[in-house]
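Since the structure comes first, as structure tokens, the remarks are kept for the end.
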Amino acid sequence: MPYNKYPTPTTLLQGADYSNFTTLSLTAPMATWATLDCSATQLADLLGPNSTGAAHFICDQIAGVSTKLSDTAYAVDTTYLLFSAYLVFSMQLGFAMLCAGSVRAKNTMNIMLTNVLDAAAGGLFYYLFGFAFAFGGPSNGFIGHHFFGLSKVPSATGFDYSHFLYQWAFAIAAAGITSGSIAERTQFVAYLIYSSFLTGFVYPVVSHWFWSVDGWASAGNTENLLFGTGVIDFAGSGVVHMVGGIAGLWGAFIEGPRMGRFDHSGRAVALRGHSASLVVLGTFLLWFGWYGFNPGSFTKILSPYGSSGSYYGMWSAVGRTAVTTTLAGCTAALTTLFGKRILSGHWNVTDVCNGLLGGFAAITAGCSVVEPWAAIVCGFVAAVVLISCNKLAEKLKYDDPLEAAQLHGGCGAWGIIFTALFATEKYVNEVYPGKEGRPYGLFMGGGGKLLGAHLIQIVVIIGWVSATMGPLFYVLHKLKLLRISAEDEMAGMDLTRHGGFAYVYRDDEDSEKPNMIQLRKVVEPNTSSTPPSV
């Protein structure tokens, strides 16, 4: 029936009895309007006799609005997820700058190229296999087996292309962590092999365990929760940071330290990176990207908590997650600053940057389920863990140019334990609904079940990554595909493997070689000598 034959809404609604009819405010959230259900029969009874056509007209209009708003809600959530994916991907630039500044100038091109290849190789292998192994459900608790090559995506289970892009950015972040541990001494082919294997198989299996609704330890697997709670690793202190850190640990251990890192007596010798400026730039880029890494892990934003029309919803949890992330990183940075000052007598910007990132790695697991004050505790302990791990690495003659295994592995493990101690009941039930009486943080009165689940997570991640990446690095070592020759290492991989230096610059130990501009340390002159030339 044509539209102009229907009475106006004002005429229809005058004199009707609405005492038994539920209405919505025009200011109600979009998500509420999008789920509105209209019954023409019920509405006709309220409007009076001879009003069936009008009732159908009103319900048709409401259904149309509901559909449009539902589409808009999907669009808003997808836009939020895509924006978060772009932020997480921007962390690759941060990794590249941080790595470049942390190595000697003669290896700058090499480490930059490995960061590019982490993204490129990771993109292909995560597309072919990784996403399917991680989220290809329905599946068993160990590994997924759908969506290979993104077949059947978008799917009715809720996965769209935006989910793939976001998860790919996480996968290559794990590979980037590993590349820092084995920098300055690793053959290029080894980078390609380990990065493809890590992003295509090792990391996806771990993310399936803890993030897929089918995973055996996932907090989203409400039908079969580990210890009645599952593992709350919201954005990946274990899934991303521990995986990358433990993989890097094995790579650096099997390769051995860089030449000159320890003298003949076993004493540590600092092989400092060539640019603190690049380290700081990379740190700020990573900080910026972490606002997609942690708050973005909600994967949506347009969901109210509790009654409709409230000012409080998932958007509030997103904001709180950004705050806890910030506070943990800031606290860790300041703690590292003063801690290293006490231990070494210096205000070292590189140490502060690493401390900041250690705080971020630690808070990543519990950022959505803890109070802001608890994030300060997390950051403080993360700095202590990082300093302690570095001391232990030095004693064991373990060489990691970027402290990646200590930072991401050590601080990531602390973050998992921290979450099990400080997760609040209210936030756990909001972020992980569907299970009443779910255990929460031990120190918050929730018992020890969550802590037990998280200790199991630490053990299985160490075991899985060691059982997969350890043998891979060992085989590469035996095949002489892992470490470069001593001559190439001394000369630098930029010259021997990549055709030239990144820029005209000299490291201190290469000062005896002619025909190149060099920068030397300026020594403060005293009154009895002439200033040195620069």
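Quick notes on this structure:
- Filtered by the rule that a residue be at pLDDT below 95 and among the polar types (S, T, N, Q), segment 219-248 gives 221, 222, 224, 229.
- Selection count where residues are part of a helix (DSSP H, G or I) and either farther than 17 Å from residue 85 by Cα or among the β-branched types (Val, Ile, Thr) (or both), scope segment 274-311: 9
- Test: residue in segment 335-356 that is closer than 23 Å to residue 442 by Cα and open to solvent by less than 40 Å² (accessible area, probe 1.4 Å): no
- Criterion (closer than 26 Å to residue 361 by Cβ, modelled with pLDDT under 95 and crowded, with 24+ Cβ neighbours inside 10 Å) met by exactly one of 136, 180, 130: 180
- Segment 144-177, subset part of a loop (DSSP other than H, G, I, E, B) and among the aliphatic types (A, V, I, L, M), residue least open to solvent (accessible area, probe 1.4 Å): 153
- Where residue 214 falls short, out of the listed (1) open to solvent by less than 20 Å² (accessible area, probe 1.4 Å); (2) acidic (Asp, Glu); (3) touching a Gly at 6+ places or on another chain (Cβ under 8 Å): (1)
- Which listed residue is of a type in the set (Gly, Ala, Ser) and either out of contact with any Phe, Trp or Tyr (no Cβ under 6 Å at 6 or more places or on another chain) or closer than 14 Å to residue 227 by Cα (or both), from 470, 445: 445
- Residue list for segment 63-84, restricted to those being of a type outside the set (A, V, I, L, M), over 12 Å from residue 302 (Cα atoms) and open to solvent by less than 60 Å² (accessible area, probe 1.4 Å): 64, 66, 84
- Residue tally, condition hydrophobic (A, V, I, L, M, F, W, C) and open to solvent by 50 Å² or more (accessible area, probe 1.4 Å), over segment 277-302: 4
The values are calculated or read from the model by the stated rules, or taken from the named source; none is laboratory data. Everything numeric in this text was worked out from a predicted model, so none of it was measured. Here the Cβ is made from the backbone with ideal geometry for all residues, glycine too, and neighbour counts use every protein chain on show. Heads up: the accessible areas ignore ligands, DNA and RNA and are worked out on the full protein's heavy atoms, side chains in. Shrake-Rupley method; radii C 1.70, N 1.55, O 1.52, S 1.80 Å.
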